[in-house]
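Before any comments, here is the structure.
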Amino acid sequence: MSKGTVFVVSGPSGSGKDTILTEVFKKRKDIFFSISSITRDMRPGEVQDGKYHFISKAEFEKGLENEEFLEYNKYLENYYGTPKAPVEEHIKVGDDVVIEVDVNGAKAIKEKLPEAVLIFIMPPSFEVLLNRLSRRGTETQEQIKGRMEAALKEIAVANMYDYIVINDDLSVAVDDLLAIMRGCRLKLKKQINIIDEVLKNA
Ligand code: ADP
Ligand code: 5GP
């Protein structure tokens, strides 16, 4: 059996990662979403083990000591990390895995797993990004300013990604992400066994 593919999805806050991935997961129930362990407080509407697994700093630091993370980062005094075991278990049995991380996390994962496929979700413009972040209403004006500044830095390093998905029309962006995932499944090395199988029965 061939191993599954790791898809790393990044993009500025407000670029539409969650919206696109929610639609993708409705259509592809066979893909595993990597739940990050994080130490910040839960926001209204968030649930344990939805997108994140909320743990204490002490628990996270114990995990770091035990090398339980594929990668991790510290923002504003909080840790964010990708648990290594579930990712390894799923790719081993052939499942594809989606990991949503920032640009630093994407770089670290590519170094550890060179076959990972890096996908950047790009807003159609800076103006649209600002409008969407403002309309989402989950951040203060000050936080939006910080996220727009971070977006500039993130977009500047998007050239390290394998694919860019422009999130203008949502259904096109969802189809594009599904197409990338389907294309990866069709690669020779993912289907190498079929050659012998067909020849065997010729
Ligand atoms: P992220 O997960 O990257 O921070 P979200 O998925 O929360 O971004 O999207 C940010 C906001 O933009 C949300 O309010 C969402 O409903 C909206 N949005 C996402 N994609 C589109 C799109 N293609 N067209 C219009 N609005 C969108
Ligand atoms: P938020 O606190 O807004 O949910 O996330 C802040 C940032 O952390 C986002 O850019 C998000 O993509 C990133 N992030 C979420 N999980 C992980 C993770 O496991 N590792 C890293 N490096 N970043 C993460």
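Quick notes
- Candidates 142, 127 - the one that is more than 15 Å from ligand 1 (Cβ to nearest atom) and either open to solvent by less than 20 Å² (accessible area, probe 1.4 Å) or in a helix (DSSP H, G or I) (or both): 142
- When the range 80-100 is limited to residues that are over 16 Å from residue 3 (Cα atoms) and open to solvent by 20 Å² or more (accessible area, probe 1.4 Å), the one that is nearest to ligand 1 (Cβ to nearest atom) turns out to be 100.
- Top-ranked residue in the range 145-172 [being open to solvent by less than 40 Å² (accessible area, probe 1.4 Å) and in a loop (DSSP other than H, G, I, E, B); ranked as nearest to residue 102 (Cα to Cα)]: 161
- Residue count for the range 1-19, restricted to those that are open to solvent by 20 Å² or more (accessible area, probe 1.4 Å) and either of a type in the set (A, V, I, L, M, F, W, C) or under 16 Å from residue 121 (Cα atoms) (or both): 5.
- Verdict on residue 109 being at pLDDT 95 or above, closer than 18 Å to residue 180 by Cα and open to solvent by less than 40 Å² (accessible area, probe 1.4 Å): no
- Candidate set from the range 44-63 (those that are at pLDDT below 95 and closer than 18 Å to residue 86 by Cα); member that is least open to solvent (accessible area, probe 1.4 Å): 50
- Of all residues in the range 139-158, those that are at pLDDT below 90 have Cβ atoms under 9 Å from Cβ atoms of residues that are surrounded by fewer than 15 Cβ atoms within 10 Å (Cβ to Cβ), 6 or more apart or on another chain, in 139/146.
- Top-ranked residue in the range 129-182 [being of a type in the set (Ser, Thr, Tyr) and under 30 Å from residue 5 (Cβ atoms); ranked as nearest to ligand 2 (Cβ to nearest atom)]: 161
- Hey, residue 63 within 22 Å of residue 187 (Cβ to Cβ), in contact with a strand residue (DSSP E or B) (Cβ under 7 Å, 6 or more places away or on another chain) and more than 16 Å from ligand 1 (Cβ to nearest atom) or not: no
The values are calculated or read from the model by the stated rules, or taken from the named source; none is laboratory data. Since this is a predicted model, take the numbers as computed values, not measurements. Glycine gets a Cβ as well: all are built from the backbone with ideal geometry, and neighbour counts include every protein chain shown. Only protein heavy atoms, including side chains, enter the accessible area calculation; ligands, DNA and RNA are left aside. Shrake-Rupley method; radii C 1.70, N 1.55, O 1.52, S 1.80 Å.
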